[in-house]
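Undergrad: Take a look at this one; I'll ask things after.
What follows draws every value from the coordinates through simple rules; no lab data is involved. These figures come from a predicted structure and were not determined experimentally. Here the Cβ is made from the backbone with ideal geometry for all residues, glycine too, and neighbour counts use every protein chain on show.
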Amino acid sequence: MENKKYNNKGASARPQKQGQRPPKRDNDRRPYDDGEMSEGLIIGRNAVRELLKSGRTVDKLLVQKGEREGSIVVLVAEAIERHIPVVETDRAKLDKMTNYAVHQGVVAMAAEKEYCTVEDILAIAEERGEKPFIVIADGITDPHNLGAVIRCAEGVGAHGLIIPKRRAVGLTPAVSKASCGAIEHLAVAKVTNIAATVDELKERGIWIFSAEAGGEAYYNTDFNCPCAIVLGSEGDGVSKIVKDRSDYITSIPMYGKVNSFNVSTAAAVILAEVSKQHRS
């Protein structure tokens, strides 16, 4: 990866006539600017209340700006108590995400499967009698990219994936679909702070490799150790704080006219090499 920015160009919006409501999209749509998907949403105060009561994993709560009264206050308080991220947004975005359903100023995003812990991922490696092989997604926002990374990680035998709670896509239906079923077979942990998790992994004897520009070619890198491979976001690559904490930087040399791969393509190349070395 000679350029840390992965390519991830979204489709441009078609201009609308003044006063015309945008047409409703189908269920296979692209993410909006911050990576939220209109698929798999729990819409409205009563539905969100029942979701929170069920104990099911919730990725985040989206609340309309200024809507902090009545039952909304109770829902927000419960979300905060359960450490569920609460994001304030404007009504226009909620309208767009929900295809203009009556959302009453609140929408929740629930995970497609239950998350595990980092400890669970390490236990999987121990049960298999293998050196830990972990993938860390540092801020991937496109569900199709995350789904493809999950498919790659499961296919090469990684023990689990770690994603952040904030500023990244969670396990939405679109991610599940893009993974082509791999999501059912790969342990996924969601953590509050990727940098702190990297530090904890290093204390457990895990070597951290960030996939970034300017590092050693992946095919010359020694991955035959307990390791975690960090893949950065589509726009900015691996965050500086995580890169600075890494033990090594590994790169994919580029010989053509383009200077980078999409994050899921880069994942396939590097993770396959890690798997090869772990089995050699």
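Undergrad: Once you've got the Cα coordinates, tell me which of 113/243; 60/93; 113/177; 165/240; 113/190 are over 23 Å apart.
TA: 113/243
Undergrad: What is the Cα convex hull volume of the chain when expressed per residue in Å³?
TA: 138 Å³
Undergrad: Using 0.36 nm times the number of residues separating residue 114 and residue 280, minus their current alpha carbon distance, what extension gain do you get?
TA: The residue 114-residue 280 span can extend by a further 56.4 nm.
Undergrad: Please say if the stretch 118-278 is rounded, prolate or oblate, where rounded means a/c under 1.5 for a ≥ b ≥ c the square roots of the C-alpha gyration tensor eigenvalues, and otherwise the choice is prolate for a/b larger than b/c and oblate otherwise?
TA: Verdict is rounded for the stretch 118-278.
Undergrad: What is the helix-to-structure angle for 45-54, meaning the angle in degrees between its Cα long axis and the longest Cα principal axis of the chain, kept from 0 to 90 and rounded to the nearest 10?
TA: 40 degrees
Undergrad: Residue 258 versus residue 193, label points 7 Å from Cα toward the beta carbon: distance in nm?
TA: Reported label-point gap for residue 258 and residue 193 is 3.6 nm.
Undergrad: Neighbour counts of other C-beta atoms within 10 Å: give me 276, 60 arranged from fewest to most.
TA: Going from sparsest to densest Cβ surroundings: 276, 60.
Undergrad: Separate question: From the C-alpha coordinates alone, can you work out the Kirkwood hydrodynamic radius of the stretch 41-110, in Å?
TA: 11.7 Å
Undergrad: What is the chain's relative contact order, in percent, from Cα pairs under 8 angstrom and six or more apart in sequence?
TA: That works out to 24 percent.
Undergrad: What FRET efficiency would be calculated for the residue pair residue 269, residue 185, taking the C-beta separation as r and a Förster radius of 30 Å, to the nearest 0.05?
TA: E between residue 269 and residue 185, to the nearest 0.05, is 0.90.
Undergrad: Are there chymotrypsin sites (Phe, Trp or Tyr not before Pro) in the stretch 203-272 that DSSP puts in a loop and that have at most 16 other Cβ atoms within 10 Å, and which ones?
TA: Loop-located and lightly packed - 255.
Undergrad: How far apart, in nm, are the 7 Å Cα→Cβ label points at residue 47 and residue 216?
TA: For the pair residue 47/residue 216, the computed spacing is 5.1 nm.
Undergrad: Using 0.36 nm per residue of separation minus the Cα-Cα distance, give me the extension gain between residue 99 and residue 123 in nm, one decimal.
TA: Working it through step by step, the gained length comes to 4.4 nm.
Undergrad: Would you work out which of 47, 193, 80 lies farthest towards the positive end of the dipole of the chain, given +1 charges on the beta-carbon of Lys and Arg and -1 on that of Asp and Glu, about the Cα centre?
TA: The one lying farthest along the dipole's positive direction is 47.
Undergrad: Where the centre of each part is set by its Cα atoms, how far does the stretch 221-272 sit from the stretch 124-139, in angstrom?
TA: The two parts, judged by their Cα centres, are 17 Å apart.
Undergrad: In the Gaussian network model of the chain, springs joining C-alpha atoms below 10 Å, which of 165, 177, 65 carries the largest mean-square fluctuation?
TA: Looking only at 165, 177, 65, the biggest GNM fluctuation is shown by 65.
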